[in-house]
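The values are calculated or read from the model by the stated rules, or taken from the named source; none is laboratory data. These numbers were taken from a predicted model, which means no experiment stands behind them. Quick reminder, even Gly has a Cβ in these numbers, built from the backbone with ideal geometry, and neighbours come from all protein chains shown.
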């Protein structure tokens, strides 16, 4: 423990530093005086004695320093000196400091925000005990356009039973829009329908009441209960503890609130927030989705597993492989190629579709963020470089007075570190508040939560960014400034730039790099924006303008089939009487919204070989005016009419792709297929409708068909209203009519078609990408403008004298302007060239994120390059014009 | 030149300053800096010259190591002075330094005499 006592002594000394210095001073003075007295006694003159005493003592200042250094605190003293001096320099150049701090704040802010989001969405583990044991179980399947699917409930149960020794399998099927009524007011909620062991396996705790209990809710028809999320409880019930035991309606059925989830747990998906949780039996009853409990084709369960302690992913994988093979043998039709992948839960984010592009997407944005930071660094390096040349004089003199180069360097670096820290703090605050804002914004009709985890990872990331900036931007100017030779500098007169050509070269390179970097950012932004435009302009097969969607489910009010039909008929009549209505229709499914399941298609006369599955197609139940209301063109045959009644022959309208796919080269009208079996009953095709988008915007054309609502009953329907009135204004009127029919509880959702298309299956992800990329692009552009302007105007000032001479020798202002502009233009051109190459390389990774535009889209590249060169040349032109107006006499006397 | 008027003195061998200070303090008890310098010079009969000022950084280092303690007192001439005194650790150190020194000197002597 010797070193401990030593450390204690050192710290005591640090605390009494003043006293220490005074003591040492006194001690040394005493020594010198006593020596002097002794010398005088031995016969020296007073002056000689003093000199001799000093000589024998040695260099007092250096000895004092050495005594001080003995305590090992000199680094601290130097640091405080440097910091104090640094602050003085910074406050003396407030303008420059402000620009640097602001630049950094933007750079670090953008990075913190992006990394904060990526961290929250991809890196942080679930907020549950022992999260490293949680694995995602994903069914691999090549056939779906969305990649892998979830499990069907029977598959889920089999895996849960058969892998129990190594893993506790649990999962949930999310009801994305479920009506929740309490105290006479309805909300549309995202409710996680959870397996009975879901919460016990996760190990989460209720904030209030209880969660779903083991064994609860895996048989249809059980008593319905619901657990509120903490956020929804706060939002909707103001955190009232009395909600426990309250009777509410979930999906129209009476249910009891039994608990509130703890605050930290917001659902198993890192970007979707659950408003509430309920047992599976509360979300799926026998009537609404009878298939859920029995069908092996309805893949709604997204499944996780908690590995038993000590079990590795590989061990779990081999166990799941065994079970998969067993099930494939047992159910050859449905489970033939069953293949379950066991993976780190974080790799399955944001949703466990095997080929999701999200990781690439975040990677791209982290790179873009780094690019912004690099641009910021370049700017700062430029500013520091300019300042370094001003300070070369100071440095040279200090070096001449005995300042060691390392000490001067350290001081310069301390200065840039200080600035970087200031900018870093500003940036982290900016970034943290940005992404906090993003994560706490509740988007009313999209259950998306941009998770923001400000934890050590984000902090370290930003810190590394700051240190990187300080060193990369500060080192080279510092090296240059301290390299100055006092002789050269002092002989140079007022113009303190001893670096001359070499220095300007570096600054020019930096400027070109800046143009290149911002071009890359802008091209990525341009591609995303073009992709969004393409998606928005994309032919989705119907006209979404001026449409209002009202989704209802009268079965929630316990209507019978006849009552339901009657209800819709009277509602349609009432709505038609509202002002400005052009067309009203009913449909079971809304494109890019709630979709009906995949339906097997058995083509008449072409029996499905045994052991094979019938091909599938998605479909919709619609009424006769539907095609008019949505403006879907019928290109062959006819649409439905009132004659296609319940008792009339079964009919269908198919889309172009379905007609081509199932009856290539034939006239599809009059052809028949069955939804049930090879033996019928058959429906006859009476018309062909234009292709459109049905489930997600990015999908390829796919087979789709329509059947009349009269012949294929569903209780849940969406009333679609086309009117000349803005649909937002129409909504309350329609709501009023529904109230008049005493059916308020049936309302699931009222949305304009435009709003509905803005959802997660629609434009949302494209808009998010485009606006994020555009923000980064603008930031990059801003930094580039500041950088180019700075370099050119600095160069112009540095060359004042030269320009004056040129003018005195007869150069016209126009020639001066051309001279400066030409040099600027060369740099911009070089930057553009590198930028184009860089952008081309960077955008290779983007092909999966873009729709309707190629990652090497020449139009984007050229227009962005054109725009950037225009703006940067403008940034050259302004300082160049100023230089042009130099009065030669003033310029010559400049120094 | 002033320097030529002075007696020629030998610089102390490097690393022995601690030993000299420890030994001096060990012999005399409490001493202040000037007394230590004088004492070393006197006993070595003016052969060993300490750059007097370098005593002070050395004393600081010894304070840190805990070999000596210091307290303020008054000199015979009624001046305030800092008096240094060996600690227990200092005494142990003295023994260590002594034996090290003797070993080295012994070895050097043997090498020289072998010639």
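Residue by residue, here is whether (1) at pLDDT 70 or above; (2) surrounded by 17 or more Cβ atoms within 10 Å (Cβ to Cβ) holds:
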position: A:414; (1), (2): yes, yes
position: A:439; (1), (2): no, yes
position: A:444; (1), (2): no, no
position: A:450; (1), (2): no, yes
position: A:480; (1), (2): yes, yes
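Is it the case that segment A:711-731 has a residue that's under 23 Å from the mean Cα position of the chain (by Cα) and in contact (Cβ under 8 Å) with a residue 40 or more places away in the chain? Break it down into steps so the answer makes sense when it comes.
Taking segment A:711-731 as the starting set, the residues that turn out to be under 23 Å from the mean Cα position of the chain (by Cα) are none.
Within segment A:711-731 (the criterion being under 23 Å from the mean Cα position of the chain (by Cα) and in contact (Cβ under 8 Å) with a residue 40 or more places away in the chain), the answer is no, since none of the residues qualifies.
Looking only at segment A:50-59, which residues are more than 11 Å from every other protein chain (Cβ to nearest Cβ) and either loosely packed, with under 15 Cβ neighbours inside 10 Å or under 19 Å from residue B:82 (Cα atoms) (or both)?
Start the filter on segment A:50-59 by keeping residues that are more than 11 Å from every other protein chain (Cβ to nearest Cβ), which leaves A:50.
Answer for segment A:50-59, where residues must be more than 11 Å from every other protein chain (Cβ to nearest Cβ) and either loosely packed, with under 15 Cβ neighbours inside 10 Å or under 19 Å from residue B:82 (Cα atoms) (or both): there is none.
Can you name the condition, by its number, that residue B:14 falls short on among (1) at pLDDT below 85; (2) more than 10 Å from every other protein chain (Cβ to nearest Cβ); (3) in a helix (DSSP H, G or I)?
(3)
Please specify each residue of segment A:685-698 satisfying the condition of being within 16 Å of residue A:599 (Cα to Cα) and surrounded by fewer than 19 Cβ atoms within 10 Å (Cβ to Cβ).
A:695
Is there any pair linking a residue in segment A:119-131 that is in the same structural domain as residue A:458 (by TED's automatic domain parsing) to one that is modelled with pLDDT of 80 or more and not in a helix (DSSP H, G or I), with Cβ under 8 Å and at least six apart or on different chains, and which?
Matching pairs, first to second residue: none at all.
Considering only residues that are closer than 26 Å to residue A:747 by Cβ, in contact with a strand residue (DSSP E or B) (Cβ under 9 Å, 6 or more places away or on another chain) and not in a strand (DSSP E or B), which ones fall in segment A:235-252?
A:236, A:237, A:243, A:245, A:246, A:251, A:252
Quick one: which strands (runs of 3 or more DSSP E) lie wholly within segment A:612-677 and hold at least 2 residues that are at pLDDT below 90?
Working: elements: A:616-622, A:634-637, A:651-655, A:672-674.
It comes to A:616-622.
Look at residue A:490 and say whether it is at pLDDT below 80 and either in a helix (DSSP H, G or I) or buried (at least 20 other Cβ atoms within 10 Å of the Cβ) (or both). Steps first, answer last, please.
Working: at pLDDT below 80: yes; either in a helix (DSSP H, G or I) or buried (at least 20 other Cβ atoms within 10 Å of the Cβ) (or both): yes.
In short, yes.
Got a sec? Which of A:21, A:25, A:6 is part of a helix (DSSP H, G or I) and within 10 Å of chain B (Cβ to nearest Cβ)?
On the way: A:21 fails: within 10 Å of chain B (Cβ to nearest Cβ); A:25 fails: within 10 Å of chain B (Cβ to nearest Cβ).
Answer to the selection: A:6.
Looking only at segment B:33-60, which residues are at the interface with another protein chain (Cβ under 7 Å from one of its Cβ atoms) and surrounded by fewer than 18 Cβ atoms within 10 Å (Cβ to Cβ)? First the steps, then the outcome.
Taking segment B:33-60 first, the residues at the interface with another protein chain (Cβ under 7 Å from one of its Cβ atoms) are B:33-34, B:51-54, B:56-57, B:60.
The one that is at the interface with another protein chain (Cβ under 7 Å from one of its Cβ atoms) and surrounded by fewer than 18 Cβ atoms within 10 Å (Cβ to Cβ): B:51.
Restricting attention to segment A:708-748, report how many residues are farther than 22 Å from residue A:561 by Cβ and either assigned to a strand (DSSP E or B) or in the same structural domain as residue A:182 (by TED's automatic domain parsing) (or both).
3
Would you be able to tell me the number of residues in segment A:21-45 that are touching a helix residue (DSSP H, G or I) at 6+ places or on another chain (Cβ under 7 Å) and over 21 Å from residue B:75 (Cβ atoms)? Full working, then the answer.
So in segment A:21-45, the residues touching a helix residue (DSSP H, G or I) at 6+ places or on another chain (Cβ under 7 Å) come out as A:24, A:27-28, A:30-32, A:34-36, A:39-40, A:44.
So of that shortlist, the ones also over 21 Å from residue B:75 (Cβ atoms) come out as A:44.
Summing the residues that are touching a helix residue (DSSP H, G or I) at 6+ places or on another chain (Cβ under 7 Å) and over 21 Å from residue B:75 (Cβ atoms) in segment A:21-45 gives 1.
Can you name every residue in segment A:36-49 that is surrounded by 12 or more Cβ atoms within 10 Å (Cβ to Cβ) and more than 12 Å from chain B (Cβ to nearest Cβ)?
A:40
Would a scan of segment A:60-72 turn up a residue that is facing chain B (nearest Cβ under 8 Å), part of a helix (DSSP H, G or I), without any contact (Cβ under 8 Å) to a residue 40 or more places away in the chain and over 60 Å from the mean Cα position of the chain (by Cα)?
Within segment A:60-72, one or more residues are facing chain B (nearest Cβ under 8 Å), part of a helix (DSSP H, G or I), without any contact (Cβ under 8 Å) to a residue 40 or more places away in the chain and over 60 Å from the mean Cα position of the chain (by Cα).
When only residues in segment B:61-86 that are buried (at least 18 other Cβ atoms within 10 Å of the Cβ) and farther than 20 Å from residue A:65 by Cα count, which is nearest to the other protein chains (Cβ to nearest Cβ)?
Of everything passing the filter in segment B:61-86, B:81 is nearest to the other protein chains (Cβ to nearest Cβ).
State the number of residues belonging to segment B:48-103 that are assigned to a strand (DSSP E or B) and free of Cβ contacts under 8 Å to residues at least 40 places away in the same chain. So that I can check it myself, show each step before the final result.
Our first condition is that a residue be assigned to a strand (DSSP E or B); within segment B:48-103, this holds for B:48-49, B:68-74, B:80-86.
Narrowing the set further to residues that are free of Cβ contacts under 8 Å to residues at least 40 places away in the same chain leaves B:48, B:69-72, B:74, B:80.
Residues flagged as assigned to a strand (DSSP E or B) and free of Cβ contacts under 8 Å to residues at least 40 places away in the same chain within segment B:48-103 amount to 7.
Being over 43 Å from the mean Cα position of the chain (by Cα) and surrounded by 14 or more Cβ atoms within 10 Å (Cβ to Cβ), is that true of even one residue in segment A:579-601?
No - not one qualifying residue is present in segment A:579-601.
Residue A:322: assigned to a helix (DSSP H, G or I) and either in contact with a helix residue (DSSP H, G or I) (Cβ under 7 Å, 6 or more places away or on another chain) or within 27 Å of residue A:466 (Cα to Cα) (or both), yes or no?
Details: assigned to a helix (DSSP H, G or I): yes; either in contact with a helix residue (DSSP H, G or I) (Cβ under 7 Å, 6 or more places away or on another chain) or within 27 Å of residue A:466 (Cα to Cα) (or both): no.
Taking the combined requirement at face value, the residue does not satisfy it.
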